[in-house]
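Chemist: The structure's right below; bear with me while I get my questions together.
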Amino acid sequence: MANPSEAAVIDAVQKGSSAELFKSVFGIDAFANTETAYDNLVHALASFERTAGFAPFSSKYDAYLAGKTELTPDELAGLQLFDDPEKGNCAACHSSTPPADSPPVIHRLHL
């Protein structure tokens, strides 16, 4: 989410409210190595996204990508920011174009 590096992401997690939970899952030294901690964070997020509570691919945006709804003018403006490499640049990691046979997913795990 526009973080400058993996180290910045891990620093934020280490200072955040979920740091103790992260250590309880990945060990007391969970933050000792930035690359390992980042890989663990990616796996934790992917695991969460596979849970029923996350309910993947059920948002209005997913319906829009499937051609089942239209976006409002404000939502379309947001999508332009999402795709613009000079602004949000979210599409650098999160495709906004669905593949032929499935919803778009994160296609790049590392910075």
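Quick note: the coordinates plus some simple rules give every number you see, no bench work behind them. For clarity, every value in this text was computed on a predicted model and none was experimentally measured. Positions of Cβ are generated from backbone atoms using ideal geometry, with glycine treated the same way; all protein chains shown enter the neighbour counts.
Chemist: Put +1 on the Cβ of each Lys and Arg and -1 on the Cβ of each Asp and Glu in segment 1-95; which of N89, S59, S5 then has its Cα farthest toward the positive end of the dipole?
Modeler: S59
Chemist: How much net charge surrounds A63 when only the other residues with a Cβ under 14 Å from the Cβ of A63 are counted, with Lys and Arg +1 and Asp and Glu -1?
Modeler: -1
Chemist: If the viscosity is 0.692 mPa s and the temperature 37 °C, what translational diffusion coefficient in µm²/s does Stokes-Einstein give for segment 6-49 when Rh comes from Kirkwood over Cα pairs?
Modeler: The estimated diffusion coefficient comes to 321 µm²/s.
Chemist: Points 7 angstrom from Cα along the Cβ direction at S96 and E75: gap in nanometres?
Modeler: The two pseudo-label positions are separated by 1.4 nm.
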